[in-house]
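Input: a single structure, listed below in structure tokens.
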Amino acid sequence: MKVFVAVAEERSFAAAARRLSLSPPAVTRAVADLEGRLRVKLLTRTTRFVRVTDLGAQYLADARRILEELDAVDEAIGGSYNAVRGGLMVTAPVVFGRLYLIPGVVEYLNRYPDTSVSTLLLDRVVNLVEEGVDAGIRIGELPDSSINAALAGKVRRVVCAAPAYLKKHGAPKRPEDLKRHALISSSSVTTTGEWRFAEGRKPIAIKVRARLTVSNNDAAIEAAMLGFGLTRLLSYQVAPLLASGKLEIVLPRYEPEPLPIHVIYREGRQTSARVRAFVDLMVGRLRADPALA
């Protein structure tokens, strides 16, 4: 079961073998034996990739849960739940991960020498259970109230530009004025084609006709710093540039409500000490950061 989970997660027999310190033939035999015993096909194999079948996906979810419960039993007997040791998989959005998660991970590793951490930095919602992740950072409202979460801060959605651009073209006074400006849109932030604002309790939606569309936030920031136009990002992504004066915020009075930042985590029958320690450390760091207040 452990071998199957490794192959499914790595999407490769060779990578699973390296992860488990086994030979590739041993991994292949283990999966073949499992499929033979179950009498179902769990994996689809080609020369280029390995993917789980529909039945394999169901089995993968159950296998992860069962293995997690077995680990819990072993750790409880061995006292590991009371000691901060072992591996963690954690996730966060790409820029937030670079600015905030990685420094927290380094502090965690320095504080607890018997631990190791793998990070998954992605600009999409990661399902902790399905993707085998222990904890992570989630920006925005949590649609599922059953998620274990600790509120750690908040961020604003801001429109900003370089001082040179604003000096040449002027700053917009109202959201409608954006239609007369060069706009830079990041597809990782804006997926609907609209920038949303608020005037008091009245919502305002502006259809964005971007002259430049980029696939990630760093590219949008770079284009804005070069003086090309206005872009809309989350406040933490541009906090250092705002502090240094390289970018300036416009339309602050029309910003919508801030988005909450949560540290989320998986929980089995009990939360292990390593997860509790990581969550407590990250919540403390984020709450102490004035840029996230």
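Exactly one of (1) touching a residue at least 40 places away in the same chain (Cβ under 8 Å); (2) closer than 25 Å to residue 93 by Cα is unmet by residue 243. Its number?
It is condition (1) that residue 243 fails.
What are the pairs with Cβ atoms under 9 angstrom where one residue, in the stretch 94-105, is closer than 15 Å to residue 261 by Cα and the other, located anywhere, is of a type in the set (Asp, Glu)? Sequence gap at least six, or different chains.
Taking only residues 6 or more apart or on different chains, the pairs are 94/123; 94/218; 95/123; 95/218; 100/289.
Look at residue 231 and say whether it is closer than 20 Å to residue 170 by Cβ and among the polar types (S, T, N, Q).
yes
Return the residue satisfying two criteria in turn: it lies in the stretch 192-218 and is aliphatic (A, V, I, L, M) and modelled with pLDDT of 90 or more, and of such residues it is surrounded by the fewest Cβ atoms within 10 Å (Cβ to Cβ).
Looking at the filtered set, the residue picked out is 205.
Is there any pair linking a residue in the stretch 4-15 that is part of a helix (DSSP H, G or I) to one that is polar (S, T, N, Q), with Cβ under 6 Å and at least six apart or on different chains, and which?
13/28
All but one of (1) touching a Phe, Trp or Tyr at 6+ places or on another chain (Cβ under 8 Å); (2) surrounded by 17 or more Cβ atoms within 10 Å (Cβ to Cβ); (3) under 21 Å from residue 67 (Cα atoms) hold for residue 148; state the number of the condition that does not hold.
Status for residue 148: all satisfied but (2).
Does residue 142 count as surrounded by fewer than 19 Cβ atoms within 10 Å (Cβ to Cβ), of a type in the set (A, V, I, L, M) and under 30 Å from residue 71 (Cβ atoms)? Show your work before the answer.
Numbers: surrounded by fewer than 19 Cβ atoms within 10 Å (Cβ to Cβ): yes; of a type in the set (A, V, I, L, M): yes; under 30 Å from residue 71 (Cβ atoms): yes.
Against the criterion (surrounded by fewer than 19 Cβ atoms within 10 Å (Cβ to Cβ), of a type in the set (A, V, I, L, M) and under 30 Å from residue 71 (Cβ atoms)), residue 142 qualifies.
Only residues that are outside any loop (DSSP other than H, G, I, E, B) and surrounded by fewer than 21 Cβ atoms within 10 Å (Cβ to Cβ): list them for the stretch 237-249, please.
239, 240, 241, 242, 243, 244, 248, 249
Residues of the stretch 32-63 being under 21 Å from residue 129 (Cα atoms) and either touching a strand residue (DSSP E or B) at 6+ places or on another chain (Cβ under 7 Å) or not hydrophobic (A, V, I, L, M, F, W, C) (or both), which ones?
Listed by number, the residues that qualify are 42, 43, 50, 51, 52, 53, 54, 56, 58, 59, 60, 62.
The values are calculated or read from the model by the stated rules, or taken from the named source; none is laboratory data. Predicted model, so just to flag it, every value in this text is computed and none were measured. Positions of Cβ are generated from backbone atoms using ideal geometry, with glycine treated the same way; all protein chains shown enter the neighbour counts.
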